[in-house]
């Protein structure tokens, strides 16, 4: 494509797009972007990076740029800005292909050692943990992490001077219309981490077998000197691992793994866990997040760090600096009544189960209330019974209407009220709200004690309710 000096991002506020835009800006390029006016969790870091964001999409935003990077949402390849760029013979890449080019270093003009973190759940947290370990140990990694600002790192994207480029590796299609190819297949990493294998995205993978094949294809892209690190816990993971023909390092709680979490404990501020590898005790590690699933995310990053040559002490020091990420069991504050508020991105039944299990262990004597917003009609229908069973560890569930994806039409014949009906049959206190404003009205009418945890949960815009809760339900 030649030297890139000017880039425009169509759909720049997306959590996959913002970190790329920040990296391009740090590389000295002139960066512009466009998106809808709605508030996103990425707004703050875009503003702090000094990136100009146009309100709405318009072909006049496309002038003499060298490259346009397009989101799969907002029409994808059919967005008017993308069409205008093609008409002007400007190079266009979708987010999946652009991320791969950034990681390889072609656009940035530097060679990188790619580390890609894939998996149905935990990609964002694991990537952030690994990037934090590398940063604390002065390796100045580049990274792309699909969230907003990260306490231990700053922005969700960074162009480092070091050789390592750590990024999430998404199995979703690059563009559901024009580029039906898993995004991670464009990447060429030297280390692949797979946090777990679970069925998701039924809108693009008609069966679990189809999804597993995409992961297998990705693994087979590893070079001969590459490393595969994969969680060995759970029947689905083990079945998948049994079909892998290349060497791998496994991790988890199961004693059959190469790296094992032997015990785990918590206090009010930290989680402690002990790691063993074969007959070698690596010792105790601590981190400022909680939950057994996060212990496994930490262990994945520990294994990768060992593979690139960091010492156990360096890893412990790096891990102790991690303080979580935005929208992953994120502590938001306390109300004037002393109610504790958290926000979490969990949107798949397995994620909900693990998240609520972690909260129940951390807050055994609290009343746990979940405000859940299902994401995508296809996912909610496919996993309907699993969603019904996923709220056992909380005391009350408030469910809003489904947050539709830009990628699918609204199904007027299906509603999340059906989940509430089934929850009530199981004896769970559950309420349905068509409008999020009605959730606020309901909460303001309740006399919850200070021994209450409220968790906003989902991949849509449910997190916005938290601001009103902390603001006295206004």
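Since every read-out is calculated from the coordinates, none of them should be taken as a lab result. Since the structure is predicted, the reported quantities are computational estimates derived from the model, not experimental observations. Positions of Cβ are backbone-derived with ideal geometry, glycine not excepted, and every protein chain shown enters the neighbour counts.
Starting from the Cα gyration tensor of the stretch 330-470, multiply each eigenvalue by 5, take the square root, and state the resulting semi-axes largest first in whole Å.
The equivalent ellipsoid of the stretch 330-470 has semi-axes of 23, 16, 14 Å.
Just grab the label-to-label distance for residue 468 and residue 274, each label 7 Å out from Cα along the Cβ direction, in nm (one decimal).
Reported label-point gap for residue 468 and residue 274 is 4.8 nm.
Arrange the following residues from fewest to most other Cβ atoms within 10 Å of their Cβ: 400, 456.
400, 456
Among 216, 457, 376, which comes first, then next, by fewest other beta-carbon atoms within 10 Å?
In increasing order of surrounding Cβ atoms, one gets 216, 376, 457.
Relative contact order for the stretch 330-470: what percent, with Cα pairs under 8 Å and sequence separation of 6 or more?
Once normalised by length, the contact order is 38 percent.
Could you sort the peptides 23-32, 254-263 by per-residue average Cβ neighbour count (10 Å cutoff), highest mean leading?
The peptides rank, most packed first, as 23-32, 254-263.
Just to compare against my own numbers: the Cα pair-distance distribution for the stretch 112-319, 5 Å bins, whole % per bin, please.
Here the calculated profile for the stretch 112-319 is 1, 7, 16, 20, 21, 17, 11, 5, 2, 0, 0.
More than 17 Å apart: what percent of Cα pairs in the stretch 41-93 qualify?
Within the stretch 41-93, distances greater than 17 Å cover 40 percent of Cα pairs.
With equal scatterers on the alpha carbons only and no solvent term, can you work out the Debye log10 of I(q)/I(0) for the stretch 312-406 at 0.16, 0.20, 0.23 1/Å?
Log10 I(q)/I(0), no solvent term: -0.77, -1.05, -1.25.
Need one number: convex hull volume per residue for the stretch 1-93, Cα atoms only, in Å³.
Spread over its residues, the Cα hull of the stretch 1-93 gives 83 Å³ apiece.
If R0 is 22 Å, what FRET efficiency do you get for residue 286 and residue 361 from their C-beta distance, rounded to 0.05?
Here the calculated transfer efficiency is 0.85.
Restricting things to alpha carbons, tell me how big the stretch 21-147 is in terms of Rg and Dmax, in Å.
15.7, 47
May I ask you to sort 298, 394 by Cβ crowding, counting other Cβ atoms within 10 Å and putting the fewest first?
Least crowded to most crowded, the residues run 394, 298.
Give me D for the stretch 89-136 in µm² s⁻¹, whole number, from Stokes-Einstein with Rh from the Kirkwood sum over alpha-carbon pairs, 4 °C and 1.567 mPa s.
Estimated diffusion coefficient is 103 µm²/s.
With a Cα-only, solvent-free Debye model of the stretch 195-279, what are the log10 I(q)/I(0) values at q = 0.23 Å⁻¹?
Normalising to I(0) and taking log10 leaves -1.11.
For Rg and Dmax of the Cα atoms in Å, the listed values are (1) 23.5, 68; (2) 28.7, 100; (3) 21.9, 64; which was obtained by calculation from the structure presented?
So the calculated entry is the one marked (3).
Roughly how large, in nm² to one decimal, is the mean projection of the convex hull of the alpha-carbon atoms in the stretch 95-221?
For the stretch 95-221, the mean projected area of the Cα convex hull comes to 7.5 nm².
Please give the peptides 6-12, 158-164 ranked by average Cβ packing (other Cβ atoms within 10 Å per residue), highest first, as a rough proxy for protection.
Sorting 6-12, 158-164 by mean packing, highest first, produces 6-12, 158-164.
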